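Worksheet: one structure, shown below.
The values are calculated or read from the model by the stated rules, or taken from the named source; none is laboratory data. All of these numbers come straight from a predicted model, not from anything done at the bench. Methodologically, a virtual Cβ is constructed for each residue, glycine included, from the backbone with ideal geometry; neighbour enumeration extends over all protein chains shown.
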Amino acid sequence: MARYLLRRIVLLLITLLITSVVIFALTQLLPGDVARLILGREAQPQALEDLRLELGLNDPIPMQYVNWLSGFVTGDWGTSFTSGNPPIRPLVLERVGNSLLLAFYALAISIPLAIFLGVLAGLNENKWIDNVISVVSLSVVGLPEFVTGLVLINVFALGLGWFPASATAPADATFGEMLSQLTLPAITATFVLLAYVVRMTRAGMIDELKKPYVRTVTLKGLPRRQVIVKHVLRNALLPTITVIAISFGWLIGGLIVIENVFSYPGLGRLLTAAVERKDIPLLQASVMVIVFFFALANLIADLLYALLNPRIRLE
Amino acid sequence: MTSANVSYDVPVQPSALTQIRRTLFTTLRKLSRRPLSLVGLVIVLVFIFLAIFGPNIAPYRFDELIRGATRQPPSELYLFGTDRLGRDVFSRVLWGAREIIALPAIATALSVLFGATIGLFAGYFGGWIDEVISRFLDGLLAIPALVLALVMLGTIGPSSFGIVVVIVILYTPIVARVIRSATLNMRALGFIEAAKLRSESTAYILFREILPGVLPALVVESALRFSYAIFLTASLGFLGLGVQPPSPDWGRMVNEARETFAQTPWELWAPAAAIALLVIGVNLLSDGLRSIFRYEGQLV
């Protein structure tokens with residue numbers, strides 16, 4: 001297991017290294033002079049040149065990349081281009097916390113619900129309950145987040161008044177207030193995750209129920225509940241773990257839209273703002289952090305999978 | 001009967017086009033037997049019709065300001081009402097149908113074309129092409145799709161062309177991987193071996209022997225890519241990185257309508273409902289295809 005873990009961590013680092021090259025290369029494609037972007041149109045040529053020197057913009061590109069990466073790794077994430085040039089690291093880290101809070105809330109709702117619905121559908125293959133779950137998850141659940149989010153706001157915030165319409169997350173909010181603010185965004189995120197996890201759990205259940213060992217344990221007289229809980233679920237839920245890891249990518253994409261719908265100060269909203277303002281250092285830092293958490297989630301899922309499946313672990 | 005006529009020949013292969021046409025017809029027949037898939041098919045066909053003829057049906061142009069008719073609620077005259085500037089929302093939705101369908105469709109078609117070709121070659125020959133594709137895909141999949149799309153569109157600037165390019169870059173490797181593994185499974189089959197022994201050309205083997213075999217995976221994957229591409233285009237539009245004004249973009253219309261939601265809610269609901277209906281239609285259709293071809297498709 002230790003060797004497996006080590007190999008996975010090395011792979012994670014390689015992934016991060018490759019994506020850092022991709023991100024850096026992409027942001028280099030940005031047209032325009034960065035120094036002019038910061039100082040504005042009326043800047044003196046001398047001031048522009050000084051800033052270029054200070055930012056290392058005259059260095060060869062590979063050199064700039066190495067400087068940027070070593071700065072990023074050692075915790076120097078640079079300063080934002082926006083007025084006041086705030087340092088990026090505290091800004092991004094604060095937003096990461098907010099986004100993670102929302103992500104965990106969404107996962108806490110969606111994973112148990114999705115597995116429950118998937119198992120229910122799988123156990124009742126092609127009966128009405130399976131059809132209802134399939135149709136609902138296919139149609140409603142595949143909608144873009146901004147559509148579901150706006151419907152939820154309209155019904156539960158503006159209509160019924162149960163939850164606030166935006167999640168602005170003031171620092172002094174109590175836990176209860178936070179929870180109530182985050183409920184609608186979390187439910188919106190749940191919708192996206194639900195479809196895939198339900199689908200794969202259902203398929204896993206159906207496959208597993210057809211296997212010979214299920215017949216054996218049934219014929220030896222084990223009650224149905226025990227057959228399912230003790231034998232089938234363990235195997236059927238294995239692929240579900242991978243699906244949850246993959247749908248993390250969907251969750252991240254979803255959060256970007258959802259944070260914009262609910263005006264929630266998370267990393268996704270920071271990223272869209274950075275894109276709008278062409279704030280390159282902020283853009284680079286946000287994307288690197290997002291990719292890091294995405295890779296970490298995949299790593300955790302792989303480890304969990306290996307823990308539950310000796311065939312992988314002992315390979 | 002001369003010896004030349006003894007049928008040592010392989011059974012005559014119908015042309016690739018005939019095979020594709022046959023697959024298309026049987027697929028349509030099977031789809032129409034499933035009520036939900038039929039609903040999806042009808043919805044998609046209606047939207048394609050609107051994408052083509054929408055501007056002809058629309059009573060107004062998308063940017064036409066109707067004098068003295070700002071913020072009109074839906075009525076016989078203005079089916080979905082008018083917005084704060086006095087533009088007919090119904091007409092704007094109709095005009096907007098073209099881009100939300102055409103851009104994902106073009107992007108999907110290109111991704112499938114490139115992806116299938118690369119996948120066929122990689123799967124059949126293996127070797128370095130295979131390695132390059134796999135590594136490239138790993139790198140791409142490490143960044144969530146919407147994040148990568150945001151960064152790319154942010155750098156090259158939002159435009160219709162940009163959206164197509166971004167989707168093609170995102171989806172070509174995914175299609176390539178699917179077709180590659182399907183090809184890999186077929187490579188060892190007897191009839192491929194037989195074709196090689198008859199010294200058929202590589203092109204013949206790839207496109208006449210293998211392609212029909214990987215067609216089910218290709219069809220399902222195309223439908224899935226199309227639905228994801230619509231999802232992505234709509235989301236990018238909502239975030240302000242879609243088709244640029246004055247062209248009406250459904251996602252952007254929804255975002256802009258939020259400011260005036262209290263006065264003109266119809267301005268928000270019309271494009272939102274249009275997106276919802278289109279996505280539901282495409283999802284029902286692609287689900288039907290998945291069941292018919294018994295292939296789940298890629299999740300990303």
- In the stretch B:86-103, residues that are of a type in the set (D, E, K, R), touching a helix residue (DSSP H, G or I) at 6+ places or on another chain (Cβ under 8 Å) and surrounded by 24 or more Cβ atoms within 10 Å (Cβ to Cβ) total 1
- The one condition in (1) out of contact with any Leu (no Cβ under 9 Å at 6 or more places or on another chain); (2) away from chain B (no Cβ under 13 Å) that A:Thr240 fails to fulfil: (2)
- Message: Can you pull out every residue in the stretch B:39-56 that is in contact with a helix residue (DSSP H, G or I) (Cβ under 6 Å, 6 or more places away or on another chain) and surrounded by fewer than 16 Cβ atoms within 10 Å (Cβ to Cβ)?
- Response: B:Pro55
- Would you check if A:Ala274 is in a helix (DSSP H, G or I) and facing chain B (nearest Cβ under 9 Å)? yes
- Can you pull out the residues in the stretch A:104-137 that are under 21 Å from the mean Cα position of the chain (by Cα) and surrounded by fewer than 23 Cβ atoms within 10 Å (Cβ to Cβ)? A:Phe104, A:Tyr105, A:Leu107, A:Ala108, A:Ile109, A:Ile111, A:Pro112, A:Leu113, A:Ile115
- State all residues of the stretch B:115-128 that are in a helix (DSSP H, G or I) and out of contact with any Phe, Trp or Tyr (no Cβ under 9 Å at 6 or more places or on another chain); if no residue qualifies, say none. B:Ala116, B:Thr117, B:Ile118, B:Gly119, B:Phe121, B:Ala122, B:Gly123, B:Tyr124, B:Phe125, B:Gly127, B:Trp128
- Message: I'd like to verify a number: residues in the stretch A:277-293 that are closer than 18 Å to A:Leu26 by Cα, surrounded by fewer than 21 Cβ atoms within 10 Å (Cβ to Cβ) and either facing chain B (nearest Cβ under 8 Å) or among the aromatic types (Phe, Trp, Tyr) (or both), how many?
- Response: 2
- Query: Which of (1) assigned to a helix (DSSP H, G or I); (2) buried (at least 16 other Cβ atoms within 10 Å of the Cβ); (3) within 14 Å of chain A (Cβ to nearest Cβ); (4) not polar (S, T, N, Q) is the odd one out, the single condition B:Arg135 does not satisfy?
  - Reply: (2)
- Task: Would you be able to say whether some residue in the stretch A:186-205 is small (Gly, Ala, Ser), out of contact with any helix residue (DSSP H, G or I) (no Cβ under 7 Å at 6 or more places or on another chain) and either buried (at least 17 other Cβ atoms within 10 Å of the Cβ) or within 19 Å of B:Leu284 (Cα to Cα) (or both)?
- Result: yes
- Note on the structure: Reported set for the stretch A:20-50 where residues are modelled with pLDDT of 75 or more, in a helix (DSSP H, G or I), over 21 Å from B:Gly162 (Cβ atoms) and not small (Gly, Ala, Ser) is A:Val21, A:Pro45, A:Gln46, A:Leu48, A:Glu49, A:Asp50
- Item | Filter result (outside any helix (DSSP H, G or I) and loosely packed, with under 12 Cβ neighbours inside 10 Å) within the stretch A:57-66 | A:Asn58, A:Pro60
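In this structure, does B:Gly237 turn out to be at pLDDT 85 or above, within 14 Å of chain A (Cβ to nearest Cβ) and assigned to a helix (DSSP H, G or I)?
yes
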- Could you please give the count of residues in the stretch B:240-274 that are closer than 30 Å to B:Val112 by Cβ, part of a helix (DSSP H, G or I) and in contact (Cβ under 8 Å) with a residue 24 or more places away in the chain? 5
- If you go through A:Lys278, A:Lys230, the only one that is closer than 24 Å to A:Ile111 by Cα and of a type in the set (Lys, Arg) is A:Lys230
- Message: Need the failing condition index for A:Val232 against (1) within 13 Å of chain B (Cβ to nearest Cβ); (2) within 20 Å of A:Asp207 (Cβ to Cβ), just the number.
- Response: (1)
- Message: Given the condition hydrophobic (A, V, I, L, M, F, W, C) and modelled with pLDDT of 85 or more, answer yes or no: does some residue in the stretch B:125-144 qualify?
- Response: no
- Message: Go through the stretch B:219-228 and report how many residues are of a type in the set (A, V, I, L, M, F, W, C) and within 12 Å of chain A (Cβ to nearest Cβ).
- Response: 1
